[in-house]
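As structure tokens, the structure follows; a few thoughts come after it.
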Amino acid sequence: MLNNTMATARQILQQEIFDQCDQKLLAFVGVSNDSKKKKFGYLCLSDTKEPPSNIYIHQIKFDNKVVKKKRIWSLNELITVDGKTSSQDCLEIELILDKPYKWVATNNQERKIFLISLWKQCASYVFDRKPEFKNLPLDWTSGDLVVLPADRKSKLSLAVSPIISAEDFQPLSEKEELDLELLMKECGFAAKDAKAFTDMLATQLMALDGENVQSVLASEPQVTKLMDQLETAIQEIEKVESALDMYDETLRHVRDTIDKMDQKNANIQTANKNNEKLLNELQKVIHQLELSPKHQLALTDADLTTPTGLRDAIEAAKELQAVMNAQIHPALVRLKAIQEQRRRFEKWKAKFSQILSRHLNNLFIHMGNDIGESKRNSNNELTIMKHTSLHRELAAYTELMHWCKAMDRKSFMALNKVYTSSLSKLYERDIKLFLEDAKLRINAGHLSNSKEDIRKSTGPPSDWLLGVDKEFWAQESNTQERQRFDQVLEAVLSELEPICLSEQNFCVSFFQLDILSPTTKNTQTTLDEVDVKSNQEILPSLPKTKIEKKINEEVRKMMGDIFACIEPELIGFIQYHERMDSTYSMAVLVRLGRHVMSANDTGSFLSMTYGSALVHVKRNYDKLMHAHLKSIQEVRIIKKSKCGILPFVANFEYFAKTAEQIFKETERRTDLDKWYLKLLTVMFETIHSIASEHPKTPAEVIRMENFHHLYALLSQLKIGILDQFRKDAKQKYSEALSAYVTRYFGRPLEKLNLFFEGVEAKVSQGIKESEVGYQVAFSKQELRKVTKEYHGREVKKGLDHLYKKVEKHLSEEENLLQVVWRAMQEEFIQQYKYIEDLIQRCYPGSMISLEFSIEDLLQYFSEIARSH
């Protein structure tokens, strides 16, 4: 019954599905998506009817008794077949294709046949990667698992099972099915008697075997004849092969002969090409090393004094340099002819170099005597001599100088030295005259050689120090003179800049200082016989920054040789005026600093010269400030008379105002501010030191007058960095004033003060203020007795004596007498009010009072002040 059902299902599937796509059904199994069997269908394995064979797996949907294709996969897409368990009773099937698919078979037998068929098809199919079969019974998949190399994944290598042959489950064709049905009809008894059916089939098989044997025996003569014919054919083939071998040998000989002929032809062509290249190279070398007779004559008999001769000499020199640096292969340079030509070139080069060196040497020497173009312009401004005509004259020889540098380095260096020496003398003369003219302008046309001027220009500037009394100063320069010095100094620095820049630009162009020579040899030429493997004369390649640095060093060295006099002459000029007036060092520091900071090329010769001079000026400036500082610390004070305003306090006004005019809104302001702080600090310390040591003037007066003077000056100057010193000066002045009043005014009503001190002592002991009068020592009678001792006349007399003492202590220059007198007046009034208050509190209703009033006191102070 099962077999009939399977046959019916196979027939339906073949007709409805696979006949339409020209395929035959190999195996099938009824499946559902889950164990509940809600959706039924078939999983089929098919093959194409026509070769080549292509195996496919189909999922067939069964819906309303109609079968339809749902999915189809090629066998090559199969990755894994999983039976879920090795038990034969399991119905689950899982195939991993483009993704995992799981089904539940409806029949165990169909599942077994389908999986075995799938295994066999995979075993005979050619895969890039064999699919994996797992969790299946061993008798379903007989064979070994083969482990493939590492570059491919494991595949299943399977062998045909010896138990179940491929024919056991080979599907039947239609014809085979019809024959089987016919046989079953003829042998209907087989279902009842299987043994009889088997015996019948065996008898028929034996009959067929006998017929086959008889047929073979009958065809033996024919086989013998066929074998003879095959033997004859083999012999004929051997003859053909022998002939072919002979022909092949002949063809091989012909081929070898042709190859030899081709090789000879190729060698001939190569030789012809090489000869042609050699001829072209020789013609090129001859052309490159050819120097015309005209150029030869221009080199050996050069006339550098005429424009035409100079032009011909430049052209010939360039041509000689070109031929001596021709690009020739190193192997050809060793040729005797080329070396002979090189020696001719060397001879012409030496001759021309000698003529050129002699001419330029004489020209450079005569340049040292050039008088210059002009000394002063139409506006009578300070100017230095110009020598642009010399540069114009030498510019015509620039190309020859470049040639000399490349072709005769020794002559070039000698000419460079002569030029430097001649120009150095020329500029030294001009700069000295220029600075002498500048000195005359600063001194308004008077440049005396008196002993006083010599002393000023050579001796130390000791007469211009803060700690030296101003009456010992020489006559200081005024604002107009300082302005004139600043203007002349600016003119000097401004005039030197274009002269140096012009000479530097000319030297860079004329002597080609901006290009480093690629070799240290005397002559740059490519015709020397050198070892091509190693050439020790060639300079190593340098980074761009190092090349620029080396070029700048060469330029500065040459400018330093030409203008060797600038730095010492400029420093001497500055020192001369610093000795005349020490404030000039500040002006030079500011002016020279501006030029250094505004320089476009900080590495140029003049910038570095100015920088060196600036260092010298800064050093002198610091020395001057140290001298000021030391003069303050070592100030000399006359101890036999009253002190008054100290010299450094009085002189600081001139110093500060002068410095502020010079350093106003400049980059060097910090240099001044730094010394301001140091000077003011030492000044404060010195004021205290002198105040404590002076024998004639009270310490309070010295501090009061000097700090008052500093406070007034700093308030006037309004220098931001000194604002704290201004506040400190004011505080110290106030403290000194208060201390002086306390010390010298004292207590003019001494007895009254002592009396009431006793009263306050009693009150502090617990006695009431209103009961103090009952004490015998502090009775009203005692109080009246004390108050009667201080009449107005006596008080005024004491105040007059005090005024004279104060007037004697104070100096007239600071004019603080009235300030001190007013402070003493306020102190007296406070004491008066203090005594009156105690009388009212301790002796109320006693009608006791002082013999004079506050109005009387004010009148006394006013009359004494007016009388003096």
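The values are calculated or read from the model by the stated rules, or taken from the named source; none is laboratory data. Computed from a predicted model, the values in this text were never measured in an experiment. Positions of Cβ are backbone-derived with ideal geometry, glycine not excepted, and every protein chain shown enters the neighbour counts. To get the accessible areas, we keep the full protein, side chains included, count just its heavy atoms, and leave off ligands, DNA and RNA. Shrake-Rupley method; radii C 1.70, N 1.55, O 1.52, S 1.80 Å.
Remark: pairs (first residue in the stretch 72-89, without any contact (Cβ under 8 Å) to a residue 24 or more places away in the chain and open to solvent by less than 60 Å² (accessible area, probe 1.4 Å); second residue aromatic (Phe, Trp, Tyr) and not in a loop (DSSP other than H, G, I, E, B); Cβ separation under 7 Å; 6+ apart in sequence or on different chains) = Ser74/Tyr56. Restricting the stretch 281-292 to residues that are open to solvent by less than 80 Å² (accessible area, probe 1.4 Å) and assigned to a helix (DSSP H, G or I), which is nearest to Ala313 (Cα to Cα)? That would be Gln288. Return yes or no: is Ala406 in contact with a helix residue (DSSP H, G or I) (Cβ under 9 Å, 6 or more places away or on another chain), closer than 19 Å to Leu516 by Cβ and among the small types (Gly, Ala, Ser)? It is true that Ala406 is in contact with a helix residue (DSSP H, G or I) (Cβ under 9 Å, 6 or more places away or on another chain), closer than 19 Å to Leu516 by Cβ and among the small types (Gly, Ala, Ser). The condition (being at pLDDT below 85 and not in a helix (DSSP H, G or I)) is satisfied by just one residue among Lys24, Lys70: Lys70. State whether the residues of the stretch 837-860 include one that is closer than 27 Å to Ala712 by Cβ and outside any helix (DSSP H, G or I). No, because not a single residue in the stretch 837-860 is closer than 27 Å to Ala712 by Cβ and outside any helix (DSSP H, G or I). Evaluating Gln512 against the criteria (1) in contact with a Leu (Cβ under 8 Å, 6 or more places away or on another chain); (2) at pLDDT 85 or above; (3) part of a loop (DSSP other than H, G, I, E, B) leaves one unmet condition, (1). Listed conditions (1) assigned to a helix (DSSP H, G or I); (2) touching an Asp or Glu at 6+ places or on another chain (Cβ under 9 Å); (3) modelled with pLDDT under 80 are all met by Lys796, apart from (3). Residues satisfying the criterion are absent from the stretch 399-421 (criterion: part of a loop (DSSP other than H, G, I, E, B), open to solvent by 30 Å² or more (accessible area, probe 1.4 Å) and at pLDDT 85 or above).
Just one of the numbered conditions (1) in a helix (DSSP H, G or I); (2) out of contact with any His (no Cβ under 6 Å at 6 or more places or on another chain); (3) surrounded by 12 or more Cβ atoms within 10 Å (Cβ to Cβ) is not true of Ile767: (1). For the stretch 717-747, a residue qualifies if it is in contact with an Asp or Glu (Cβ under 8 Å, 6 or more places away or on another chain) and over 30 Å from Ile835 (Cβ atoms), and the qualifying residues are Leu717, Ile719, Ile721. Give the residue that is least open to solvent (accessible area, probe 1.4 Å), with candidates limited to residues of the stretch 483-515 that are hydroxyl-bearing (Ser, Thr, Tyr) and more than 18 Å from Glu569 (Cα to Cα). This residue is Ser502.
Here the stretch 99-136 is the region considered, the condition is being part of a helix (DSSP H, G or I) and exposed (fewer than 14 other Cβ atoms within 10 Å of the Cβ), and the residue that is nearest to the chain's Cα centre (by Cα) is Ser124. So for the stretch 691-698 (the condition being at pLDDT below 90, in a helix (DSSP H, G or I), small (Gly, Ala, Ser) and under 18 Å from Ala650 (Cα atoms)), does at least one residue qualify? Yes, the stretch 691-698 has at least one match. Looking at the structure I just gave you, is Glu771 in contact with a Gly (Cβ under 9 Å, 6 or more places away or on another chain) and modelled with pLDDT under 80? Judged against the criteria, Glu771 is not a match. Residues in the stretch 293-327 that are polar (S, T, N, Q) and part of a helix (DSSP H, G or I): Gln296, Thr300, Thr308, Gln321.
Kindly indicate whether Leu244 is open to solvent by 90 Å² or more (accessible area, probe 1.4 Å) and at pLDDT 90 or above. So Leu244 passes the test.
When the residues of the stretch 367-398 are filtered to those that are at pLDDT 90 or above and assigned to a loop (DSSP other than H, G, I, E, B), the one that is nearest to Phe511 (Cα to Cα) is Tyr397.
Applying the criterion of being of a type in the set (Asp, Glu) and open to solvent by 10 Å² or more (accessible area, probe 1.4 Å) to the residues of the stretch 679-708, the residue that is nearest to Phe745 (Cα to Cα) is Glu700.
Listed here are the residues, each with its yes/no results for (1) of a type in the set (Val, Ile, Thr); (2) at pLDDT 70 or above; (3) closer than 30 Å to Ile662 by Cβ.
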position	(1), (2), (3)
Asp463	no, no, yes
Gln475	no, no, yes
Leu489	no, yes, yes
Pro518	no, no, no
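Here Phe756 fulfils each of the conditions (1) under 19 Å from Gln840 (Cα atoms); (2) out of contact with any Asp or Glu (no Cβ under 9 Å at 6 or more places or on another chain); (3) in a helix (DSSP H, G or I); (4) open to solvent by 40 Å² or more (accessible area, probe 1.4 Å) apart from (4).
Within the stretch 771-823, the only residue that satisfies the criterion of being free of Cβ contacts under 8 Å to residues at least 60 places away in the same chain, closer than 15 Å to Lys751 by Cβ and among the basic types (Lys, Arg) is Lys785. For the stretch 532-581, taking the residues that are open to solvent by less than 40 Å² (accessible area, probe 1.4 Å), part of a loop (DSSP other than H, G, I, E, B) and at pLDDT 85 or above, the one that is nearest to Ala438 (Cα to Cα) is identified as Cys565.
Assess whether Val223 counts as being among the hydrophobic types (A, V, I, L, M, F, W, C) and either part of a loop (DSSP other than H, G, I, E, B) or modelled with pLDDT under 85 (or both). So Val223 fits the description; yes. Annotation note: of Ile645, Ile662, the sole residue that is farther than 25 Å from Phe707 by Cα, in contact (Cβ under 8 Å) with a residue 60 or more places away in the chain, touching a helix residue (DSSP H, G or I) at 6+ places or on another chain (Cβ under 9 Å) and of a type in the set (Val, Ile, Thr) is Ile662.
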